[in-house]
Amino acid sequence: MDSQGVTADPQLQQFIEVESQKQRFQQLVHQMTEVCWEKCMDKPGPKLDSRTEACFVNCVERFIDTSQFILNRLEQTQRSRGSFSETMYD
């Protein structure tokens, strides 16, 4: 039941969760594209030179590493806070 006492449809909840994940992923891709484009793209041309391509690859890899690191830290923080809260009330 939700806060209004209504039981939500599990399929609807699953659909909403999947769509929310898709939206978060699209936002992440957009942000990564913007950051890496600004960092690596000097002058747009008909094709990427090897330096620009290497810059994009490195930028995307670092962006993914950083995002994963932040997510892991947030999860650790939430777990430690949960443990701390539980011990406070025991």
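Taken together, the values in this text are just the output of simple stated rules run on the coordinates, not laboratory data. Predicted model, so just to flag it, every value in this text is computed and none were measured. Virtual Cβ from ideal backbone geometry, glycine too; neighbours counted across all protein chains shown.
For the reader, a short list of remarks on this structure follows.
- Placing a label point 7 Å from the Cα of Ser67 along the Cα-to-Cβ direction, the residues of segment 15-46 whose backbone N falls under 14 Å from that point are 21-37.
- Listed by chain and number, the lysines whose alpha-carbon sits under 28 Å from that of Lys22, ignoring those within fewer than 8 places in the same chain, are Lys39.
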